[in-house]
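So the structure is just underneath, and the comments pick up after that.
FYI, it's all coordinate maths here, none of it is from the lab. Owing to the predicted nature of the structure, the values given are computational and were not obtained by experimental measurement. Here the Cβ positions follow ideal geometry from the backbone for every residue, glycine too, while neighbour counts run over all protein chains shown.
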Amino acid sequence: MKPAPFAYHAPETVADAVGLLREHGDDAKPLAGGQSLVPLLALRLTRFAHLVDLNRIAALQGLRQDSAEVLTAVRFPVRTERGGWAIEEFARRAGDFAVTGAACAVALGDDGRVERAGIALFGMGSTPLRATEAERALVGSTAETADSAEIGRLATAGTDPPDDLHGTAAYRRKVGAHMTARAVARAVEEATRG
């Protein structure tokens, strides 16, 4: 398959690349290696009006060894509450790119209620989307009271997914809501067991 038409830009400085990306906003995509972007374009799973090739920018090429520095620590916050997460995706065949899907993470308080929730959708737009209204609806619920179907509906209600050969926007919203519901149910169940 061939990608949708796009304008190709090959800047030679970081400043020029940043300028092009700023000028074209969401219609532009930087291209570095292309190992993941090129197949997505070829299958028309995504499209951009402008590709900004970073491979000719000398300042971004190569490796160099400088440095009398020693890395002494890397710190990550450790969550102490009970938590769970899940990713659900739908593809027409095993190994295909996902048509749509959702990722969910929750943290439970001592009373077993959801204190924090994160829900992200993919395949519902040109970039992953955060479902903040659905997150707010999930907070305060328990494994018994969480209405995962309603959370899925809320997550996809305001989305504007693309129509393409894999499905219409309405189809993606329906399947995306179902994938969200499954991810929410699994994440809450995992957190409850933990």
Q | Listed residues T159, T100, T13, most fluctuating in the chain (Gaussian network, C-alpha, under 10 Å) | A | T13
Q: Among T180, T72, T168, rank each residue by its count of other Cβ atoms within 10 Å, from fewest to most, as a rough exposure measure.
A: T72, T168, T180
Q | Residue of P11, P30, P77 that the Gaussian network model of the chain assigns the largest fluctuation, springs spanning Cα pairs under 10 Å | A | P77
Q. Counting DSSP beta bridges with both partners in the chain, what percentage is antiparallel, nearest 5?
A. 75 percent
Q.
Tell me the relative contact order for region 96-148 as a rounded percent, counting alpha carbon contacts under 8 Å between residues six or more apart.
A. 31 percent
Q | Extension gain (nm, one decimal) between A169 and R116, 0.36 nm per residue minus Cα-Cα | A | 16.1 nm
Q | Highest-MSF residue in the chain out of V52, V184, V70 [GNM, Cα springs under 10 Å] | A | V70
Q | Expected 222 nm ellipticity per residue - DSSP helices of 4 or more, -39500 (n - 2.57), all of the chain, to 500 | A | -9500 deg cm²/dmol
Q: Let me have the relative contact order for the chain, percent, based on Cα pairs under 8 Å that are six or more residues apart.
A: 20 percent
Q: Classify region 1-114 as rounded, prolate or oblate, taking a ≥ b ≥ c as the square roots of the eigenvalues of its Cα gyration tensor: rounded when a/c is under 1.5, otherwise prolate if a/b is larger than b/c and oblate if not.
A: oblate
Q. With +1 on each Lys and Arg Cβ and -1 on each Asp and Glu Cβ, how big is the dipole of the chain about its Cα centre, in debye rounded to the nearest 20?
A. 420 debye
(Q) Let me check against my output: what whole-number percent is the relative contact order of region 82-193, with C-alpha pairs under 8 Å and at least 6 apart? (A) 34 percent
